[in-house]
Amino acid sequence: MSSVRGDVRIDARTLQEALASADPVPETDHPGYTIGDATPLAAVRPKTIDGVATALTAATRLGAAVVPWGGGTRMGLGNPPSRYDLALDMRGLSSVVEHRPEDLVVTVEAGCTMQALQDVLRDSGQYLPLDPPLPAQATVGGLLATGISGPLSTAVGTPRDQVIGMRAVLADGSIVKNGGIVVKNVTGYAMDRLYIGAMGTLAVIAEATFKVTPLPRAEATVVATFSSMNAATTVCNVVTAQGLPLMAAEVLNGAAWSQVGQSDDGNGDYTLLLRVAGRPSAVARSIDACVAACRETGVANVESLNDDASVSLWKKVTDLGWESGPPDLALRLLGTPAHSAELVALAAQESDAAVSVSPTRGVVKAYWNSDALPPDVHAYIAGLREAVTALNGTVVVESRSRLDGVDAWGPTPDSFAVMRQLKEQYDPHGILNPGRYVGGL
């Protein structure tokens with residue numbers, strides 16, 4: 001088996017021999033790294049950062065295209081790779097390198113799962129306020145490479161806001177570290193920030209250092225049902241204006257509320273979830289204020305869930321759409337808080353999507369299984385993108401089962417020229433995740 005890059009033919013045996021010292025994965029396991037119709041010629045699972053560097057050095061020398069892997073939960077994000085020779089499985093680097101509870105800092109390797117990291121932090125009464133779906137599978141490196149954020153971003157922002165240091169491996173095998181080899185001095189950019197969300201197209205993230213947070217002593221969630229999206233977002237805006245310490249705020253349509261197991265009718269109502277945390281007395285006051293704001297709208301159906309019940313509910317909300325693996329179609333609409341209701345209406349029109357929205361951030365997530373897909377998915381996405389673009393928003397395809405010919409990212413942004421320059425500088429041979437990112441980078 002071989003592949004062709006330009007005039008260079010990459011032979012599977014030659015590639016595997018070049019990677020003999022980089023912890024190769026048996027050939028029988030290669031199909032597990034398939035993306036669409038593409039299966040790699042070779043796969044490695046290094047156990048050290050030096051092993052990652054060895055693999056990338058060999059790939060660069062041979063001109064082999066590399067696709068980094070974490071837990072595999074978001075391999076449907078992005079376009080199919082334009083070339084794919086080597087799967088670089090980062091799960092061999094799975095250690096918590098250093099945790100300094102007194103400084104609220106932790107350093108962890110990229111292949112560590114989010115659940116494993118949270119378990120270590122919990123022993124010291126701390127946690128990392130990042131909550132991707134499927135934390136038992138999702139890895140730290142995968143989370144950073146994709147930039148995926150969950151409901152907790154209402155309070156703490158995106159993954160980029162939690163990182164204070166990073167080690168990464170460039171395409172030529174160079175190991176760079178924030179504060180070590182100072183890449184910023186060369187480019188004018190803080191490169192460790194640019195790696196986040198770049199889909200592994202600039203470098204392979206190998207290790208990250210985060211600031212962490214003490215676990216709250218108590219938490220609770222207000223659950224209120226409204227007949228319209230506008231009513232739900234209005235209450236959320238009222239609560240936010242009061243300065244209450246919201247950990248998360250989400251609105252789910254009837255299909256989404258049914259999908260998390262809280263309703264069996266999937267009706268047209270909208271359920272607002274407001275999560276608060278802190279000292280028990282402060283949580284009680286916040287819950288009273290949230291309930292009062294809901295009742296001022298005339299809504300009758302409002303309740304609160306405390307501690308374990310609240311945590312359990314948010315686990316289901318976070319995993320929404322991904323509980324049994326990637327949905328047949330998943331879209332993320334990125335706009336402004338002022339347009340949240342309009343974005344939800346656009347996402348759900350003429351479809352049976354399960355929709356959730358973070359009204360304080362203007363982020364809408366929509367999910368479909370095969371029996372609920374729009375009749376013409378291509379036309380639906382094209383029309384949706386046109387309408388969302390008119391609101392100065394974007395539509396990203398996060399899962400694309402059996403969906404061909406649709407760009408995952410949509411129109412290229414104004415910053416694309418800078419993105420291309422960075423790609424050419426840090427991956428001049430184009431071997432890192434080629435074709436997967438914006439504009440085919």
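Data overview
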{"read-out": "Length added when fully stretched, D29-N369, from 0.36 nm per residue minus Cα-Cα", "value": "119.6 nm"}
{"read-out": "Alpha-carbon spread of region 53-210, three principal axes, descending order, Å", "value": "48, 34, 27"}
{"read-out": "Per-selection Kirkwood Rh - region 325-409 (Cα, Å, 1 d.p.)", "value": "12.6 Å"}
{"read-out": "Projected label distance in nm at L334 and Q421, using a 7 Å step from Cα toward the beta-carbon", "value": "2.1 nm"}
{"read-out": "Binned Cα-Cα distances of region 1-105, short to long, each 10 Å bin given as a whole percent", "value": "14, 45, 28, 9, 4, 0"}
{"read-out": "Candidate aspartates and glutamates - alpha carbon under 14 Å from K211, same-chain residues fewer than 8 apart omitted", "value": "E98, E102, D103, D161"}
{"read-out": "Calculated P(r) of the chain - Cα pairs past 40 Å, %", "value": "20 percent"}
{"read-out": "Charge dipole magnitude, Cβ of K and R +1, D and E -1 - region 1-160, Cα centre, debye nearest 20", "value": "360 debye"}
{"read-out": "Span per principal axis, largest first, for the Cα atoms of region 217-320 (Å)", "value": "36, 28, 18"}
{"read-out": "Low-density loop positions, trypsin sites (Lys or Arg not before Pro), region 374-441 - DSSP coil, at most 15 other Cβ in 10 Å", "value": "R402"}
{"read-out": "Cα-based Rg of region 252-375 normalised by 2.2 N^0.38 Å, two decimals", "value": "1.12"}
{"read-out": "Simple label model, 7 Å out from Cα along Cβ direction - R295 to A390, nm", "value": "4.2 nm"}
{"read-out": "Sequence-distant lysines (8 or more away, or on other chains) whose Cα lies within less than 22 Å of K316", "value": "K365"}
{"read-out": "DSSP-loop GluC sites (Glu not before Pro) across region 298-353, with at most 11 other Cβ within 10 angstrom", "value": "E350"}
{"read-out": "Approximate spin-label separation Q349-A282, in nm, with each point projected 7 Å along Cα-to-Cβ", "value": "4.3 nm"}
{"read-out": "Alpha carbon centroid spacing (whole Å) that separates region 356-418 from region 282-304", "value": "34 Å"}
{"read-out": "Structure-based [θ]222 nm, the chain - -39500 (n - 2.57) summed over DSSP H runs of at least 4, per residue, nearest 500", "value": "-8500 deg cm²/dmol"}
{"read-out": "Dipole moment magnitude, nearest 20 debye, region 69-180 about Cα centre, only Lys, Arg, Asp, Glu C-beta charged", "value": "260 debye"}
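Values quoted throughout were computed directly from the atomic coordinates according to the rules given, and no laboratory measurement underlies them. Keep in mind it's a predicted model, so treat the numbers as computed, not measured. Methodologically, a virtual Cβ is constructed for each residue, glycine included, from the backbone with ideal geometry; neighbour enumeration extends over all protein chains shown.
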